[in-house]
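Since the structure comes first, as structure tokens, the remarks are kept for the end.
The values are calculated or read from the model by the stated rules, or taken from the named source; none is laboratory data. Source: prediction; values computed, not measured. Positions of Cβ are generated from backbone atoms using ideal geometry, with glycine treated the same way; all protein chains shown enter the neighbour counts. Please note that ligands, DNA and RNA were not included when accessible areas were found on the heavy atoms of the full protein model with its side chains. Shrake-Rupley method; radii C 1.70, N 1.55, O 1.52, S 1.80 Å.
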Amino acid sequence: MISTLKKISSPRALKEQIPIDPKLAAARLDAISQIEAILRGEDGRKLFIVGPCSADDPNAAIDYAVRLSRVAEKIKDRIFVVLRMFTAKPRTRGEGYMGLLHTPDAPSGEVNIAEGIAAMRRLHVRVASESGLFTADELLYPEAVRYVDDIVCYFSVGTRSSDDQLHRFVASGLDVPVGIKNPLNGNLDSLAASVRTARNGNEFLFCGEHVRTFGNDRAHPVLRGSVSANGEHIPNYGYESVMKISSLCGGRVIVDVGHSNSGKNENKQCEVLRDMWEIAKQKQEYGSAVAGVMIESYIAGGSGAAGSMYGRSLTDGCLSFEDTERLLLRASDGMPS
């Protein structure tokens, strides 16, 4: 049995309550155009999607965004930065922190979806308004996208959702780039099928309506490594995996340098990026196939319990801001360690 606890405001009502300035809306469209040009290979820069594994404390998230915006300005000629700001988190066993959307007051742990939806929208709007950076969020709950589809500039379909039909279908109707991660088992043929589905038009049941989409040609694959049956992390950022998925999907690829590509060790994200740089130096086609990367980063490095340290992740470990800044500047300058 499913019991209704509380009605949630409609997307239209919440957008009226937390509006977007027309200048901000225009700047978002410009950011989307730049991302699209990078994905098509028409813009020689790389796309870096950088930020916390999960956005828990809005004040820390805004602080981080402002700091990152200063670095983004320095490297904008070679790297276009999108701020990773994931507000809902998948939990394999249904336990642990589930994101701002669930618990807008993270330390209390009290679930309040109505307040969480508002907090999610407010955070994305504040980030763009106060830092000038636009955000990427995870498409965890497909119906939640309607509350932020006018402010977020990039959506990610996570590894546990990439094989799901509804996620693929909703991705096909979004007007922003969507990165679809490989499934946990690493099957690249399945990933390619997900990307193709998102690029096609679809008809389906969504939020009580029969809807139609016309396909999202900006859907693309994201490689994040895989996990074996015995729990071993298997990287897939190497030459063979990148070139295979690029061929299967007929387009460019984003590499998530965290998760299983770094063995869930936040500090190894730097090593993965250096490895990728070396491969690209030797194999020009590899560098051309990779449009950019995802990096998990926050103010404090590592992870911990709520309140353990300002700006520290409640979920996966993140690079500290200082390490992130050094990494971004090196990447902009040509990488060597």
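Structure notes:
- Number of positions in the stretch 253-265 that are among the charged types (D, E, K, R) and buried (at least 24 other Cβ atoms within 10 Å of the Cβ): 1
- Search result, residues across the stretch 174-189 that are surrounded by 13 or more Cβ atoms within 10 Å (Cβ to Cβ) and part of a loop (DSSP other than H, G, I, E, B): LEU174, VAL176, PRO177, ASN182, PRO183, LEU184, ASN185, GLY186, ASN187
- Residue in the stretch 192-201 that is touching an Asp or Glu at 6+ places or on another chain (Cβ under 8 Å) and on the phi > 0 side of the Ramachandran plot present: no
- Within the stretch 287-321, if we keep just the residues that are in a helix (DSSP H, G or I) and touching a residue at least 12 places away in the same chain (Cβ under 8 Å), the residue that is farthest from the chain's Cα centre (by Cα) turns out to be SER288.
So that you can scan it fast, the table gives a plain yes or no per residue for (1) open to solvent by 10 Å² or more (accessible area, probe 1.4 Å); (2) within 22 Å of ASP150 (Cα to Cα):
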{"site": "MET1", "(1), (2)": "yes, no"}
{"site": "ASP30", "(1), (2)": "yes, yes"}
{"site": "GLN34", "(1), (2)": "yes, yes"}
{"site": "GLY41", "(1), (2)": "yes, no"}
{"site": "ARG45", "(1), (2)": "yes, no"}
{"site": "ILE49", "(1), (2)": "no, yes"}
{"site": "ALA55", "(1), (2)": "no, yes"}
{"site": "PRO58", "(1), (2)": "yes, yes"}
{"site": "ALA72", "(1), (2)": "yes, no"}
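- Entirely in the stretch 190-252, the strands (runs of 3 or more DSSP E) that have 1 or more residues that are of a type in the set (Lys, Arg), in contact with a strand residue (DSSP E or B) (Cβ under 6 Å, 6 or more places away or on another chain) and open to solvent by 30 Å² or more (accessible area, probe 1.4 Å): 209-212
- Residue match in the stretch 155-168 (condition: touching a helix residue (DSSP H, G or I) at 6+ places or on another chain (Cβ under 8 Å), basic (Lys, Arg), closer than 29 Å to LEU14 by Cα and surrounded by 21 or more Cβ atoms within 10 Å (Cβ to Cβ)): yes
Conditions tested, residue by residue: (1) in a helix (DSSP H, G or I); (2) β-branched (Val, Ile, Thr); (3) free of Cβ contacts under 8 Å to residues at least 40 places away in the same chain.
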| position | (1), (2), (3) |
| --- | --- |
| LEU68 | yes, no, no |
| ALA88 | no, no, no |
| THR103 | no, yes, yes |
| VAL111 | no, yes, yes |
| ARG126 | yes, no, no |
